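One structure below.
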């Protein structure tokens, strides 16, 4: 008994000490997070633009990053990064920008806005230098705006053109004897192709060729403009496979020199007028965001609402657009008399048609009492366009993927799979013929198929009606540009889906002008959770994601997310982009 109490009190003491330490850690985190003291960035700073990081629509704060070994530390948002670059243009402590351009996971529209910010920064006559051992095409898209672009002598530059790849599952489903039972409206609506085809349909090949060509033409034009090269010449370099080594990139004037890291640092020291072997004051964006006064601080308020991720019914989460949550947020903004205008930043491939209509309704009500301007990010397509179409004005980047006005629904039939592969059969008792409509353990009857197709057609007609009303177009015309077809932002203007090509800042300027404000400050929605909610949510997410990735790897984790996406599509009409479209 004595040994029992000895062990018990030892364990109790250990628990008390651990709890006490945890309290101190949390207090420390809160104190660090709430500290108002601005850090000093020092003199002769070089702003570090690391393109290997993903700059999301809203800033990421992960207090448990160090404890969980997560890559998602505190990160400024895309809009914050762009504002920081604009601020650095007139900041005497910043002497130039160093772009790390080995890779770039950011989308093409986000890259377009970052590139424009770098080009604007160059008007200050401060230097911009880009470097990587091996430079990817998307990294080069931004890096090519620099005064000088360098790569490692044994590295190189990717220069192969663009490609779009889709994974097709029909052959696998056939072998497993799973019948997807698909219903769709719109001949270009390719989201279900991977389940019903083994290769691209001609309609999808046509639309993909057009939007992919638009992205590539913009890429070539911007690179040629910055490098003083001919677009036709650099296009031919990819056609001929001419860029295979770093020396090839140098000989064809795509880079300005081949340098080792120490040689690159020596050049930066020379530009900073500092002696060799002294340290360079690299200013990380994570630190600069704390030190710089870059945010507007006017008298009036405008709301910036970020709709980022799949559109789903219910509350959603940090990586989705939940209809319940956004209905509440938009209603709150509508009733807040201190908010004079709204910018709705949409970066979504779509999702639930019903959830999209819930949000559309709130935007319609909001627009009646204050100006609403949409700013499209990388993707504002299908359901993402549904929630955008009724704004007073719609802005997109040239590289935005939008449109895809179409609807589909999936009800898989697992009956033969369960019976022939697993030996499982099902039976049921019903009080009406259609009581189990949507049951995945049997095939749909012909009347049920008609019900499903009629439902999809009805939602599609409603979708087109919403667009026709918002864009002030005839529904017959909207049908001609709908059919699930994907458009780039630059082409969406010509067909009337978008009003202007412009950055998020330009959309904000438009909203400010419509509200006739002399000065303004921004209030962001959805509002961030308090420190305790962040600690709990981020800890759970980090642990779960890291454990899964550790077991199955990054590529299989992405495939798992795609399978999860398919599961969420079952039984409910969907307005979304192809879920397995890969762009390289």
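The values are calculated or read from the model by the stated rules, or taken from the named source; none is laboratory data. Everything numeric in this text was worked out from a predicted model, so none of it was measured. Cβ atoms come from the backbone with ideal geometry, glycine included; neighbour counts cover every protein chain shown.
At least 2 residues being over 22 Å from residue 97 (Cβ atoms), within 29 Å of the chain's Cα centre (by Cα) and in the same structural domain as residue 133 (by TED's automatic domain parsing) is the threshold, and among the helices (runs of 4 or more DSSP H) wholly inside segment 207-276 those reaching it are 231-239.
Listed residues 354, 335, 366; which is surrounded by 21 or more Cβ atoms within 10 Å (Cβ to Cβ) and either in contact (Cβ under 8 Å) with a residue 60 or more places away in the chain or farther than 14 Å from residue 58 by Cβ (or both)? One residue alone meets the criteria, 366.
For beta carbons closer than 8 Å, sequence separation of 6+ or different chains, a first residue in segment 309-324 that is assigned by TED's automatic domain parsing to the domain that holds residue 378 and modelled with pLDDT of 90 or more and a second that is crowded, with 22+ Cβ neighbours inside 10 Å and part of a loop (DSSP other than H, G, I, E, B), the qualifying pairs are 310/349; 311/387; 321/387. For segment 263-292, residues that are more than 19 Å from residue 147 (Cα to Cα) and free of Cβ contacts under 8 Å to residues at least 60 places away in the same chain total 5.
Return the only residue of 192, 136, 73 being modelled with pLDDT under 95, more than 15 Å from residue 55 (Cβ to Cβ) and not assigned by TED's automatic domain parsing to the domain that holds residue 525. Only one candidate qualifies: 192. I want to confirm something. Restricting to segment 332-354 and keeping residues that are touching a strand residue (DSSP E or B) at 6+ places or on another chain (Cβ under 9 Å) and assigned to a loop (DSSP other than H, G, I, E, B), which single residue is nearest to residue 388 (Cα to Cα)? Within segment 332-354, the match that is nearest to residue 388 (Cα to Cα) is 349. Of all residues in segment 498-518, at least one satisfies being under 18 Å from residue 382 (Cβ atoms), touching a helix residue (DSSP H, G or I) at 6+ places or on another chain (Cβ under 7 Å) and modelled with pLDDT of 60 or more.
Each residue in segment 103-113 was checked for being closer than 20 Å to residue 159 by Cβ and buried (at least 19 other Cβ atoms within 10 Å of the Cβ), and 5 of them qualify.
Please verify whether residue 184 is in a strand (DSSP E or B) and surrounded by 16 or more Cβ atoms within 10 Å (Cβ to Cβ), treating the condition exactly as stated. Spelling it out, residue 184 is indeed in a strand (DSSP E or B) and surrounded by 16 or more Cβ atoms within 10 Å (Cβ to Cβ). Filtered by the rule that a residue be in contact (Cβ under 8 Å) with a residue 40 or more places away in the chain and out of contact with any helix residue (DSSP H, G or I) (no Cβ under 8 Å at 6 or more places or on another chain), segment 440-465 gives 440, 449, 452, 453, 455, 456, 457, 460. Looking only at residues in segment 360-378 that are in a helix (DSSP H, G or I) and touching a strand residue (DSSP E or B) at 6+ places or on another chain (Cβ under 7 Å), the one that is farthest from residue 514 (Cα to Cα) is 363.
For the criterion of being over 23 Å from residue 351 (Cβ atoms), in contact (Cβ under 8 Å) with a residue 40 or more places away in the chain, assigned by TED's automatic domain parsing to the domain that holds residue 472 and surrounded by 12 or more Cβ atoms within 10 Å (Cβ to Cβ), residue 391 fails. I'd like the residue in segment 197-227 that is touching a residue at least 24 places away in the same chain (Cβ under 8 Å) and loosely packed, with under 13 Cβ neighbours inside 10 Å and, out of all such residues, is farthest from residue 396 (Cα to Cα). Here the residue is 198. Among the residues here, residue 474 qualifies as at pLDDT 95 or above and surrounded by fewer than 19 Cβ atoms within 10 Å (Cβ to Cβ). Kindly indicate whether residue 123 is in contact (Cβ under 8 Å) with a residue 40 or more places away in the chain and out of contact with any strand residue (DSSP E or B) (no Cβ under 6 Å at 6 or more places or on another chain). In short, no. Out of curiosity, is residue 293 within 28 Å of the chain's Cα centre (by Cα) and exposed (fewer than 13 other Cβ atoms within 10 Å of the Cβ)? When the stated conditions are applied, residue 293 passes them.
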